[in-house]
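Below is one structure; the comments refer to it alone.
Please treat every number below as a calculation from the coordinates, not as lab data. Nothing here was measured: the structure is a model prediction, and the numbers come from that model. Here the Cβ positions follow ideal geometry from the backbone for every residue, glycine too, while neighbour counts run over all protein chains shown.
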Amino acid sequence: MTVLELVPLHTPADFADWFRPGADYVVRVADGMGFPTGDLPALADEAEAAMRANRTGRDVAVEVARTIVADLLADAAYGPPFLEWTPLWYELSLTGPTYYAGWRLRRVARKYADTLDHVSVPRFSRPRDVLYEGRPAIHRVSGFADTFAFADAITHLEWFDYVATECGLPVPPELVARTREETVAYYVGEKEMEDLTPTVRRFQHLLFTDDVWAREVNRRYDIDSALFRLWERICTRERRRFDPRG
């Protein structure tokens, strides 16, 4: 993936194919966990249609605008913290595209945020924020694939919690906290997969369907990115590991 693929993306219509896989992800995870999704599936359809038609501002219902803003702002904020978890070669390969995409996503999000009374800013964990026994937990994880998977397991939990909550879905805070705690214990080697709470294991299994997001963005924008395919393979591996059916 290079900046060249991102240069033509300016308008809401350009980012409709970016928005849709994220909206589908939220619905898929929420449905799998039994969280009521309410009108979100319909709102996602309306949001995609509005973006493809470049409708913004007062031409879009507040609930639709909020759905768009939550997804795009989360994606815009996600990249830089996540890259801090990765080796230097991976970070350098994606730093340019990540910051450029974030800037573009924020610009499009602002076209919808202007009609909202309040917009919260998402924040995602960096390695220094995730501790185990007082030290960064990442020091207990070795190998690129496992480190990448650990980073994704923490940050996609935060991404889903933020976007789903902004969209009005009831995500139990105690489940988020327990999932974070048990996920850290698993990746540092203090818990086996069989030791995880069944609900936590099912939650992470669903959250690791972000392999679908990586595949869809790669396909929809015809990026043909080896780095995106690597992301997809690692997430698929973890999704299968967390599968409650074994």
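For Cα Rg over 2.2 N^0.38 Å, the listed values are (1) 0.99; (2) 1.16; (3) 1.09; which was obtained by calculation from the structure presented?
(1)
Just check the range 138-204 against the gyration tensor rule for me: Cα atoms, a ≥ b ≥ c as the square roots of the eigenvalues, rounded for a/c under 1.5, and otherwise prolate or oblate depending on whether a/b exceeds b/c. Write out the running numbers ahead of the final one.
On the way: a/c = 2.79, a/b = 1.57, b/c = 1.78.
Cα axes put the range 138-204 in the oblate bin.
What's the local net charge at Ala16, with K and R +1, D and E -1, over the other residues with C-beta under 14 Å away? Please list the in-between numbers first.
Numbers: positive: Arg20, Arg52, Arg55, Arg104, Lys111, Arg220; negative: Asp14, Asp17, Asp24, Asp45, Glu46, Glu48, Asp71, Asp75, Glu216.
Its environment carries a net charge of -3.
Please report how far the C-alpha centroid of the range 75-99 lies from that of the range 10-25, rounded to the nearest whole angstrom.
Computed from Cα coordinates, the inter-centre distance equals 20 Å.
Who wins for biggest fluctuation among Arg58, Arg178, Arg110 in a Gaussian network model of the chain, springs between alpha carbons below 10 Å?
Fluctuation is largest for Arg58.
Per-residue HN-Hα couplings for the range 25-33, Karplus 6.51 cos²θ - 1.76 cosθ + 1.60 at θ = phi - 60°, whole Hz, x for Gly and Pro?
Along the range 25-33, the couplings run 4, 4, 5, 4, 5, 4, 4, x, 8 Hz.
Show log10 I(q)/I(0) for the range 164-239 at q = 0.15, 0.28 Å⁻¹, two decimals, from a solvent-free Debye sum over equal Cα scatterers.
Each listed q corresponds, in turn, to -0.66, -1.18.
Where in the range 45-59 is the amide nitrogen less than 13 Å from a point lying 7 Å along the Cα-to-Cβ axis of Asp39?
45-47, by backbone N distance to the label point.
If you take the charge dipole of the chain about its Cα centre, with +1 on Lys and Arg Cβ and -1 on Asp and Glu Cβ, which of Val64, Leu157, Ser225 is farthest toward its positive end?
Ser225
Treating the beta-carbon of each Lys and Arg as +1 and of each Asp and Glu as -1, no other charges, what is the dipole magnitude of the chain about its Cα centre, to the nearest 20 debye? Mind showing how you got there, number by number?
Numbers: 31 positive and 39 negative charges, 70 e Å.
My answer is approximately 340 debye.
If you fit an axis through the alpha-carbon atoms of helix 88-113 and take the longest principal axis of the Cα set of the chain, what angle between them do you get, 0 to 90°, nearest 10?
Roughly 40 degrees, rounded to the nearest 10.
Per residue of the range 196-206, what does 6.51 cos²θ - 1.76 cosθ + 1.60 with θ = phi - 60° give for ³J(HN,Hα)? Whole Hz please, x for Gly and Pro, Karplus curve as stated.
6, 4, x, 5, 5, 4, 5, 4, 5, 4, 6
With the Cα gyration tensor of the range 1-112 giving a ≥ b ≥ c as the square roots of its eigenvalues, does the rule (a/c under 1.5 for rounded; else a/b larger than b/c for prolate; else oblate) give rounded, prolate or oblate?
Numbers: a/c = 2.50, a/b = 1.38, b/c = 1.81.
Here the range 1-112 falls in the oblate category.
Report the Cα centroid-to-centroid distance between the range 110-178 and the range 36-57 in angstrom, as an integer.
Value for the Cα centre distance between the two parts: 24 Å.
Cβ under 11 Å from Leu169's Cβ, Leu169 left aside: what net charge do those residues give with Lys, Arg +1 and Asp, Glu -1? If you can, show how the numbers build up before the last one.
Numbers: positive: none; negative: Asp31, Asp39, Asp161, Glu166.
With Lys, Arg at +1 and Asp, Glu at -1, the net is -4.
Considering amide H positions built from the backbone, and no H for Pro or chain starts, which residues 5 or more places from Tyr132, or on another chain, come under 5 Å of its amide H?
Hits under the 5 Å cutoff: Ala137.
Between Asp222 and Glu133, how high is the FRET efficiency from 1/(1 + (r/R0)^6) when r is the Cβ-Cβ distance and R₀ = 45 Å? Nearest 0.05. Can you show the working numbers first?
Values: r = 46 Å, r/R0 = 1.01.
So the FRET efficiency works out to roughly 0.50.
GNM, the chain, Cα, under 10 Å: largest mean-square fluctuation among Arg215, Arg180, Arg135?
Arg135
Just check the range 109-246 against the gyration tensor rule for me: Cα atoms, a ≥ b ≥ c as the square roots of the eigenvalues, rounded for a/c under 1.5, and otherwise prolate or oblate depending on whether a/b exceeds b/c. Don't jump to the answer; show the numbers that get you there.
Working: a/c = 1.61, a/b = 1.23, b/c = 1.31.
Judged from the Cα gyration tensor, the range 109-246 comes out oblate (a/c at least 1.5, b/c at or above a/b).
What relative contact order, as a whole-number percentage, does the range 1-139 give when Cα pairs under 8 Å and 6 or more residues apart are counted? Don't jump to the answer; show the numbers that get you there.
Working: 139 pairs, mean separation 39.3, N = 139.
This gives 28 percent for the range 1-139.
Where Lys and Arg each count +1 and Asp and Glu each count -1, what net charge lies around Arg180 among other residues with Cβ under 10 Å from its Cβ?
On the way: positive: Arg178; negative: Glu158, Asp161, Glu181, Glu182.
With Lys, Arg at +1 and Asp, Glu at -1, the neighbours total -3.
Determine the dipole magnitude for the range 9-64: charges of +1 sit on the beta-carbon of Lys and Arg, -1 on that of Asp and Glu, nothing else is charged, the reference point is the Cα centre, and the result goes in debye to the nearest 20. Spell out each step's value before the answer.
Working: 5 positive and 10 negative charges, 22 e Å.
Computed about the Cα centre, the dipole is about 100 debye.
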